[in-house]
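The values are calculated or read from the model by the stated rules, or taken from the named source; none is laboratory data. The structure presented is a predicted model; accordingly, all values stated were derived computationally and were not measured. Positions of Cβ are generated from backbone atoms using ideal geometry, with glycine treated the same way; all protein chains shown enter the neighbour counts.
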Amino acid sequence: MIRLENIYLSLGGAGILKNVGFHIRRGETGVILGASGSGKTTALRLILGLLKPDSGRVFVDGEDITNFPEEELLRVRAGMGMVFQAGALFDSMTVGENTAYRLMEKGGHSPAEIEERVRRSLRFVGLEDSIDQMPAELSGGMKKRVAIARGIVASPAIMLYDEPTAGLDPLNSHNITNLIKRLKEEQGVTSVVVTHDIPLAFEVADYMAFLHEGEVCYVGGTDGILKTDMECVREFIDHSGRADLACGERRSSI
Ligand SMILES: Nc1ncnc2c1ncn2[C@@H]1O[C@H](COP(=O)(O)OP(=O)(O)O)[C@@H](O)[C@H]1O
Ligand SMILES: [Mg+2]
């Protein structure tokens, strides 16, 4: 469904992604893990066609989008919902208007249909009662849920999340984690989740790609990542504060 193949990308003269490849199958959730600056958001921007690689290929839903012109990319992007890192709600719009944004932008929907879809999306994230509130009145966790409602309003087959639990407390992180899982289970959505949140990653992932300084140093399932002896992965997980997930010798000693 989503495939990056041998991607090399430089920005401002610096190599950002080096021979990056991974594949997320239809209906599955792929997690891109890695420390800050490892290239996770850049990988999402490639999937959205917002950046072009210097070499390598990007496939979305069977199409090679690497060299697509902008109008073709707009069509591809219309099939994706995106939850940006900062949440990025419009402060001057109500929750309902924020949620409706993609449908309004696209046009061709009647006001009744927009209202129905907006309410359905907000109901899914448990915020239908907040439809007339302003973002400033919401907690951080609620804002993130509105961002998800906005992402799913046009019923995309693919959802992309950039650090969806960053800055949230454990309860709110858990709520977001559940929403990501329910979208997969109830609607068969294919998801890409970029994060350095280890509990989130292990809850949602069918497949993981671990990025370290622009290179993939692990791809595969959640079991394999606990067994790998790649130093960059082990350090990251061992320092996650999750002794239950600690790799290698530390794991075998518990
Ligand atoms: N437009 C840009 N120009 C130059 N360097 C960039 C640009 N965007 C990102 N980078 C650099 O690329 C690296 C990876 O960034 P990013 O993909 O945002 O990492 P992550 O999301 O994993 O924190 C960082 O070192 C960042 O400074
Ligand atoms: Mg990022």
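Summary of values
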| quantity | calculated |
| --- | --- |
| So VAL153, is it touching a Phe, Trp or Tyr at 6+ places or on another chain (Cβ under 9 Å) and either within 16 Å of ligand 2 (Cβ to nearest atom) or among the basic types (Lys, Arg) (or both) | no |
| Matching residues, the range 24-82, being within 16 Å of ligand 2 (Cβ to nearest atom) and part of a helix (DSSP H, G or I) | LYS40, THR41, THR42, ALA43, LEU44, ARG45, LEU46, ILE47 |
| Selection from the range 11-23 of residues that are away from ligand 2 (no atom under 16 Å from the Cβ) and either under 25 Å from GLY188 (Cβ atoms) or at pLDDT 95 or above (or both) | LYS18, ASN19, GLY21, PHE22, HIS23 |
| Residues that are among the aromatic types (Phe, Trp, Tyr) and either over 17 Å from ASN175 (Cα atoms) or crowded, with 24+ Cβ neighbours inside 10 Å (or both), drawn from the range 185-218 | TYR207, PHE210, TYR218 |
| Flag for GLY56 being at pLDDT 95 or above, within 16 Å of ligand 1 (Cβ to nearest atom) and either under 27 Å from LYS144 (Cα atoms) or out of contact with any Lys or Arg (no Cβ under 9 Å at 6 or more places or on another chain) (or both) | yes |
| Inter-residue pairs, beta-carbon under 7 Å, first on the phi < 0 side of the Ramachandran plot and in the range 84-103, second within 16 Å of ligand 2 (Cβ to nearest atom) and part of a loop (DSSP other than H, G, I, E, B), 6+ apart | GLN85/GLU163; GLN85/ALA166 |
| When residues of the range 120-172 are limited to those that are within 16 Å of ligand 1 (Cβ to nearest atom) and either basic (Lys, Arg) or assigned to a strand (DSSP E or B) (or both), the one nearest to THR41 (Cα to Cα) | ASP162 |
| In the range 16-47, residue surrounded by the fewest Cβ atoms within 10 Å (Cβ to Cβ) [restricted to those that are closer than 19 Å to PHE202 by Cα and aliphatic (A, V, I, L, M)] | ALA35 |
| Every residue from the range 1-15 that is in a loop (DSSP other than H, G, I, E, B) and within 23 Å of ALA205 (Cβ to Cβ) | MET1 |
| Only listed residue being near ligand 1 (Cβ under 9 Å from one of its atoms) and free of Cβ contacts under 8 Å to residues at least 24 places away in the same chain, chosen from GLY39, GLY12 | GLY12 |
| Answer from ILE152, ILE114 - the residue that is touching a strand residue (DSSP E or B) at 6+ places or on another chain (Cβ under 7 Å) and within 30 Å of ILE2 (Cα to Cα) | ILE152 |
| Selection count where residues are in a loop (DSSP other than H, G, I, E, B) and within 16 Å of ligand 2 (Cβ to nearest atom), scope the range 83-99 | 5 |
| Test for TYR161: is it of a type in the set (Phe, Trp, Tyr) and closer than 22 Å to VAL118 by Cα | yes |
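So that you can scan it fast, the table gives a plain yes or no per residue for (1) within 16 Å of ligand 1 (Cβ to nearest atom); (2) small (Gly, Ala, Ser); (3) over 17 Å from CYS217 (Cβ atoms); (4) within 14 Å of the chain's Cα centre (by Cα):
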| residue | (1), (2), (3), (4) |
| --- | --- |
| ASN6 | no, no, no, no |
| LEU44 | yes, no, yes, yes |
| ILE47 | yes, no, yes, yes |
| THR66 | no, no, yes, no |
| ARG75 | no, no, yes, no |
